[in-house]
1. How far, in degrees from 0 to 90, does helix 125-149 lean away from the longest principal axis of the Cα atoms of the chain, to the nearest 10?
2. For the stretch 138-195, state which GluC sites (Glu not before Pro) are in a DSSP loop and have at most 13 other beta carbons lying within 10 Å of their beta carbon.
3. Roughly what would the spin-label model give for Ala137 and Ala173, points 7 Å off Cα along C-beta, in nm?
4. What lysines sit close enough to Lys70 to cross-link, taking a C-alpha to C-alpha distance under 28 Å and skipping anything fewer than 8 places away on the same chain?
5. Can you classify the stretch 257-331 as rounded, prolate or oblate using the Cα gyration tensor, where a ≥ b ≥ c are the square roots of its eigenvalues, rounded means a/c under 1.5, and otherwise it's prolate if a/b beats b/c and oblate if not?
6. So how do Thr248, Thr96 rank on accessible area, 1.4 Å probe, biggest first, that is with the largest at the start?
7. Tell me the net charge near Thr269. Cut-off is 11 Å between Cβ atoms, Thr269 excluded, with +1 for each Lys or Arg and -1 for each Asp or Glu.
8. Relative to the first principal axis of the alpha-carbon coordinates of the chain, what is the inclination of helix 308-320, with its axis defined by its Cα atoms, in degrees from 0 to 90 and to the nearest 10?
Amino acid sequence: MVHFSRLKMILIWLAMATMLVDAPSLHAAGADVLLRLDATDVIDRRLEATRDEIRTLLRDARIGYTGLAKLGRAVQVHITDAAQVGAAKMALEAVTDPVLGSAGPVQEVILDDTGAALLKFTVTDTGIKYRMSIALAQSIVVIKNRLRDLGIANPVVRPEGEDGMLVRTSGVADLQRLRRILTRTGMLTFQWVDESMPVADAINGRTPAGSVVVYSKDDPPVPYLVESRTIVSSDDIVNAQATPNSVTNEPAVSFTFDSRATARVAQATSQNVGKLFAMILDNQVLSVPVVREPILNGRGQISGNLTKENADDLALLLRSGPMPAQLKIVE
């Protein structure tokens, strides 16, 4: 029988423990992740939707305006002709119409018109709570879709409070990838490039109304001046797959729009041959192709600077649909 001193036994045990810690896992891991909605993002998206609705309604009513912008928890607009303020209020009644919530009507937005020709539409506390509940329910659906697409068996996804959710998984081979998939918004938009002025002038001076400066994911980032109006988005995508580019054989993502978006893309590209448009993912420009001919088949491809894993992840995000708001890992 071999005998070891107490010191040697301790040293041997420490060595074995170190080997167990340092050795790669032979089995896929499990994870409990607590996610929370970014309330600021939820409010900002509601304000953007309100701003776009105001712009559309006033344009359709042929009412002139200036200064349409978000300010805190409100959107304000100045009616150019004071004689048209009454007509503007009538045209914008839909903005403050209550919506039907689970417990009854919800007044999401109220109008403050004490500034004469200045109309101010403010999101209420009740409206924010309502939007948070909708965003949480939608986020749970999207998370379940993404986990299923990842091949994770029997995940648990349940609400935690008014703005959070618990995600419990097992059999996860790559926890870092899981973290990326859970927290990416996955909103892809297609927007026209604004070529009315150099982007440097927009950055250093006054950005044209209805346009914004968005940067690419390059290092260093490249700025682009793009129209705020969205042609189509990932909400309109019905399928996406990671496929090699047919010309360069580099990793790419091919996608297909639904029938309504296909018609919009066909009309938009038929009227704008030769114009640049930007593909923007989560507020970063992926690519800026030129419309060489009308796109009539409702299909497209994203390529360039994508690894195979990037392409797989992007295709998964597009298939599962975008998050209604940003999610943050809190535990």
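1. 50 degrees
2. Details: sites: Glu160, Glu162, Glu195; in loops: Glu162, Glu195.
Those satisfying the criteria are Glu162, Glu195.
3. 3.6 nm
4. Of all the lysines, those that pass the test against Lys70 - Cα under 28 Å, at least 8 places apart if same chain - are Lys89, Lys120, Lys129, Lys217, Lys328.
5. Prolate, since a/c reaches 1.5 and a/b exceeds b/c.
6. Values: Thr248 75, Thr96 35 Å².
Reading off the accessible areas and sorting them downward yields Thr248, Thr96.
7. Computed value for this residue: +2.
8. For 308-320 against the chain, the angle is about 60 degrees.
The values are calculated or read from the model by the stated rules, or taken from the named source; none is laboratory data. Predicted model, so just to flag it, every value in this text is computed and none were measured. In this analysis, Cβ positions are derived from the backbone assuming ideal geometry, glycine residues included, and neighbour counts consider all displayed protein chains. When the accessible area is computed, the model is the full protein with side chains, heavy atoms only, and any ligands, DNA or RNA have been set aside. Shrake-Rupley method; radii C 1.70, N 1.55, O 1.52, S 1.80 Å.
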